[in-house]
Amino acid sequence: MMLTRFARPKVNLFLHVIGKREDGYHLLESLVCFPKSGGDKLWVDPAANLLLTGSGPYSETMGEPADNLVLKAAKLLQDEFGVSKGAHIHLEKNLPVASGIGGGSSDAAAAMHLLNEFWQIGASLDTLAQLGARLGADIPVCLHAETAMMEGVGEKVTPVGGLPAVFILLVNPGVSVATPTVFKALKGIGGNRRVRGYNDLSSEIFIESLQSCANDLEAGAIGLVPEIADVLQALKGCKETELVRMSGSGATCFALFKTEAAANAASKKINKGHPKWWTLVSGI
Ligand code: C5P
């Protein structure tokens, strides 16, 4: 039996840092969505031991299998539920790594769902999310894999229902960014400015309310990786962009559009001007 699942990119439509815990982790409020197209793809096949193989445009950047979050998540499930069987996990890596769109976390979350089924563990989503939180702050929201508010240090996830029809263009300049360094570069901690009732809003009001929010990590990340400012500027230079912002700890940035045609036209313009940058257009 072979199982397969997509690991969608995770986008922080806004990310407010509202506090800091004594252990150094930051308290967040973030509206997270998972664009419907694109992403990494995982397969699970029977095997005597745990094995991770890779393919796809970013497989070279996956690092040592033992350090990969996918294998860490698999080992955690084995230990927690006394699983003696192995699995061959194949990861088609289409998303840039260390790029603020949760590639590694989304892969680990997808692997947890697949192995929960493959090994017939039967753990609930809440149980998986509690376990996943031990491996990374973004893993609980990636296990939900639907539009949600993420709070606490990431462990509190509240799905918010569907968003109005909006299209996203994601752009990554090919520079990886270390999340801890970006959190260290954060200057000051913002207040609570969240918007509510997303699914009741028209796309105009939804985008307008997002405009009053921010990614509090953006300024510090630009200080560390100036290319992020270039990406933001290139996106702002496209026609019909409604909102331009960085996702997570960067360096991926995004623009929102009311139509798919406008998102595609912007993507074409960015690809022409910056052929080495990674882009993805999707509905959210
Ligand atoms: O949990 P994860 O490994 O994804 O986090 C990477 C780093 O990002 C943490 O070690 C921490 O420095 C920072 N972080 C934080 N507050 C969060 C999430 C991550 O300070 N809520």
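The values are calculated or read from the model by the stated rules, or taken from the named source; none is laboratory data. Being a predicted model, the structure only gives us computed values, none of them experimental. Every residue, glycine among them, receives a Cβ derived from its backbone with ideal geometry; neighbour counts consider all protein chains shown. For accessibility, only protein heavy atoms count, side chains too; no ligands or nucleic acids. Shrake-Rupley method; radii C 1.70, N 1.55, O 1.52, S 1.80 Å.
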In nanometres, the difference between 0.36 nm per residue of separation and the alpha-carbon distance of Y25 and N271 is 84.9 nm
Evaluated at 4 °C and 1.567 mPa s, the Stokes-Einstein D of segment 181-284 based on the Kirkwood radius over Cα pairs, in µm²/s, stands at 87
Accessible-area order for M2, M246, largest to smallest, probe 1.4 angstrom, reads M2, M246
Taking Cα atoms only, Rg over Rh for the chain with Rh from the Kirkwood formula is 0.96
Check: C-alpha center segment 200-245 vs C-alpha center segment 41-84, spacing in Å is 34
Within segment 76-100, the residues whose backbone N lies under 15 Å from a label point placed 7 Å from the Cα of M2 along the Cα-to-Cβ direction are 88-92
The answer for GluC sites (Glu not before Pro) in segment 219-284 that fall in a DSSP coil and have at most 16 neighbouring Cβ atoms within 10 Å is E240
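Go ahead and run the numbers for FRET between K184 and E155, Cβ-Cβ distance against an R0 of 35 Å, rounding to 0.05.
With a Förster radius of 35 Å, E is 0.95.
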Karplus ³J(HN,Hα) for segment 251-256 (6.51 cos²θ - 1.76 cosθ + 1.60, θ = phi - 60°; Hz, whole; x = Gly/Pro) runs 8, 5, 10, 9, 10, 9
Over the chain, the sum of -39500 (n - 2.57) across DSSP H runs of at least four, divided by residue number and rounded to 500 deg cm²/dmol, gives at 222 nm -9500 deg cm²/dmol
Once the dipole of the chain is set up from charges on Cβ (+1 Lys and Arg, -1 Asp and Glu), the residue from the list T147, L201, G86 lying farthest towards its positive end is L201
Which residues qualify? For K20, with a placed amide H closer than 5 Å and at least 5 residues away or on another chain, they are L27
Expected unfolding gain across K36-S55 under the 0.36 nm per residue rule, minus the alpha-carbon gap, is 4.7 nm
Treating only Lys and Arg (+1) and Asp and Glu (-1) as charged, each at its beta carbon, one finds that the chain has a dipole about its Cα centre, in Debye to the nearest 20, of 520
Between the residues V225, G188, L210, the Cα farthest towards the positive end of the dipole of segment 178-284, that dipole coming from +1 and -1 charges on the beta-carbon of Lys, Arg, Asp and Glu, is from V225
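In the chain, what percent of the accessible surface is made up of carbon and sulfur (1.4 Å probe, ligands and nucleic acids excluded)?
On the chain, the fraction of accessible area on carbon and sulfur atoms equals 51 percent.
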With the charge dipole of the chain built from beta-carbon charges (+1 for Lys and Arg, -1 for Asp and Glu) about the Cα centre, the Cα from S124, V44, V11 projecting farthest to the positive end belongs to V11
Residue-normalised value, i.e. accessible area per residue, for the chain at 1.4 Å probe, in Å², stands at 44
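I want the local charge near S55. Using Cβ-Cβ distances under 15 Å, sum +1 for each Lys or Arg and -1 for each Asp or Glu among the other residues.
Taking every Cβ under 15 Å from that of S55, the sum is -3.
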Exposed-loop cut sites defined as trypsin sites (Lys or Arg not before Pro) in DSSP loop states with at most 10 other Cβ within 10 angstrom; longest site-free run of the chain spans 22-186
In the structure shown, of K36/K75; K85/K184; K184/K239; K187/K272, the pairs separated by more than 31 angstrom at the C-alpha atoms are K85/K184; K184/K239; K187/K272
